[in-house]
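Take a look at the structure below.
The values are calculated or read from the model by the stated rules, or taken from the named source; none is laboratory data. What you see is a predicted model, and the numbers here were worked out from it, not measured in a lab. Every residue, glycine among them, receives a Cβ derived from its backbone with ideal geometry; neighbour counts consider all protein chains shown. All accessible areas refer to the heavy atoms of the entire protein, side chains included, with ligands and DNA or RNA removed. Shrake-Rupley method; radii C 1.70, N 1.55, O 1.52, S 1.80 Å.
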Amino acid sequence: MCIGVLGGGQLGRMLALAGYPLGLQFRFFDPSPQAPAGQVAELVVGDYADAGALARFAEGLERVTYEFENVPLSAVKSLPRSLPVYPPLLALEVAQDRLAEKTFFQKLGVPTPPFYPVTTQGDFERGLERIGFPALLKTRRLGYDGKGQRLLRTPAEAEAAWAALGGQPLLLEGFVPFERELSLLSVRSLSGQVAHYPLVENHHASGILRKSLAPAPDTPSRLQHQAESIALKVMERLEYVGLLAIEFFELEGVLWANEMAPRVHNSGHWTLEGAETSQFENHLRSVLGLPLGSTAPRGYSAMLNLIGLKPEAARVLEIPGAHLHWYGKEVRPGRKVGHITLRADTPGGLEAGLRQLEALLTG
Ligand code: AMP
């Protein structure tokens, strides 16, 4: 059985690697001939607007999924109607536009930062009056890893941000003085079966995820239940099938939804070694209508992204519980080229490994 995946980045590559033991085959679609998934599976190279390339991609597939949430909707719509695509198009549509996403959360009664849509300078001024400082000005589309957004603390910063970003659809958001950032990975299968992983604590620098701790330390079960009930509402409303990641801010015991990704997620890479079933395998099980695997953690895990650096494998692997994943990419500054998962049976063991690993990566 061949699964088609739109997008051929590292997420796709890890999907294929998780799917081979289940006897699945994969075909990827990506505009770049260097897409990392192409090293482990068939890759159709083409522009998302190229109907001929998309038709070649679709030939003989059983299912289509995606690993990149900015796949143009028109590319998905051009696939044969008889070919099931999961997660559903509506999820992709909502996740591609920060305004649609925040409006969606608000309509479901899910706490989300206050927001104001901005197109003109007049909207921006009205928005600032409504939201006040500090605020964030974000592009509505194609923002990721902190790209396309500015923090505004003063009118001068607002003016500079408008000069840089004005002229495209934007969203002004109230700044949430969160205590920490958490994410929930949930999965819903074709049969309606749902499973949730434990909340993950995420640490960003310059808008890019650096480190995830799973399960999130010192997390009351009340918070886990709040996150799960939000995810359930979101998935039911979208008639969702697949793995869904929701990113939250935690503030005074409340979770505020910031964004969601209708795909496997960087904050779920720890599940490869740190959970009974990985997010990649559960995503595949869900879109195929197979029973979901247990999401129970195996002890304590940390995931560190390798951003623009390639430490010596032997130095990483001598640390007990360390697992190394390369994405087959050339190292460039600011580029995610791999990650390391550390797994331990106790919180103390994890802390000791992290100290060693962080010293290696910064040394
Ligand atoms: P995003 O692209 O929306 O995921 O934002 C990237 C990062 O910017 C988040 O992980 C937060 O650290 C920060 N951020 C985004 N929106 C807000 C907000 N409304 N209040 C505070 N921090 C934010």
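Quick notes
- Candidate set: region 106-140, residues that are hydroxyl-bearing (Ser, Thr, Tyr) and open to solvent by 40 Å² or more (accessible area, probe 1.4 Å); chosen: the one farthest from the ligand (Cβ to nearest atom): THR120
- Considering each residue of region 84-105 in turn, none proves to be within 12 Å of the ligand (Cβ to nearest atom), over 20 Å from the mean Cα position of the chain (by Cα) and of a type in the set (A, V, I, L, M, F, W, C).
- Of all positions in region 185-194, none carries a residue that is among the basic types (Lys, Arg) and either open to solvent by 70 Å² or more (accessible area, probe 1.4 Å) or within 10 Å of the ligand (Cβ to nearest atom) (or both).
Yes/no per residue for (1) touching a strand residue (DSSP E or B) at 6+ places or on another chain (Cβ under 9 Å); (2) over 16 Å from GLU67 (Cβ atoms); (3) β-branched (Val, Ile, Thr):
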{"residue": "GLU259", "(1), (2), (3)": "yes, yes, no"}
{"residue": "ASN266", "(1), (2), (3)": "yes, no, no"}
{"residue": "THR277", "(1), (2), (3)": "yes, yes, yes"}
{"residue": "SER286", "(1), (2), (3)": "yes, no, no"}
{"residue": "ALA296", "(1), (2), (3)": "yes, yes, no"}
{"residue": "GLY308", "(1), (2), (3)": "yes, yes, no"}
{"residue": "LEU317", "(1), (2), (3)": "yes, yes, no"}
{"residue": "TRP326", "(1), (2), (3)": "yes, yes, no"}
{"residue": "LEU354", "(1), (2), (3)": "yes, yes, no"}
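- Residue ID - nearest to GLY4 (Cα to Cα), chosen from residues in region 75-98 that are open to solvent by 60 Å² or more (accessible area, probe 1.4 Å) and in a helix (DSSP H, G or I): LYS77
- Per-region count, region 12-35, residues within 29 Å of GLY293 (Cβ to Cβ) and in contact with a strand residue (DSSP E or B) (Cβ under 9 Å, 6 or more places away or on another chain): 15
- Residue in region 235-244 that is within 16 Å of the ligand (Cβ to nearest atom), over 12 Å from the mean Cα position of the chain (by Cα) and either assigned to a strand (DSSP E or B) or not basic (Lys, Arg) (or both) present: no
- Residue identified as part of a strand (DSSP E or B), aliphatic (A, V, I, L, M) and modelled with pLDDT of 95 or more among LEU137, LEU128: LEU137
- Residues that are under 30 Å from ARG285 (Cβ atoms) and out of contact with any Pro (no Cβ under 7 Å at 6 or more places or on another chain) do occur in region 135-151, at least one of them.
- Test: residue in region 299-317 that is touching a Pro at 6+ places or on another chain (Cβ under 8 Å) and among the aromatic types (Phe, Trp, Tyr): yes
- Region 28-56: number of residues that are assigned to a strand (DSSP E or B) and either open to solvent by less than 30 Å² (accessible area, probe 1.4 Å) or aromatic (Phe, Trp, Tyr) (or both): 4
- The set of residues in region 245-282 being of a type in the set (Ser, Thr, Tyr), in contact with a Leu (Cβ under 7 Å, 6 or more places away or on another chain) and either away from the ligand (no atom under 14 Å from the Cβ) or open to solvent by 10 Å² or more (accessible area, probe 1.4 Å) (or both) consists of SER278 alone.
- Subset of region 57-74 [loosely packed, with under 15 Cβ neighbours inside 10 Å and not in a loop (DSSP other than H, G, I, E, B)]: LEU73, SER74
- Region 154-178 - residue that is surrounded by 12 or more Cβ atoms within 10 Å (Cβ to Cβ) and in a loop (DSSP other than H, G, I, E, B) and, of those, farthest from the ligand (Cβ to nearest atom): GLY166
- Residues located in region 199-226, provided they are more than 16 Å from the ligand (Cβ to nearest atom) and within 30 Å of GLY334 (Cβ to Cβ): ALA214, PRO215, PRO217
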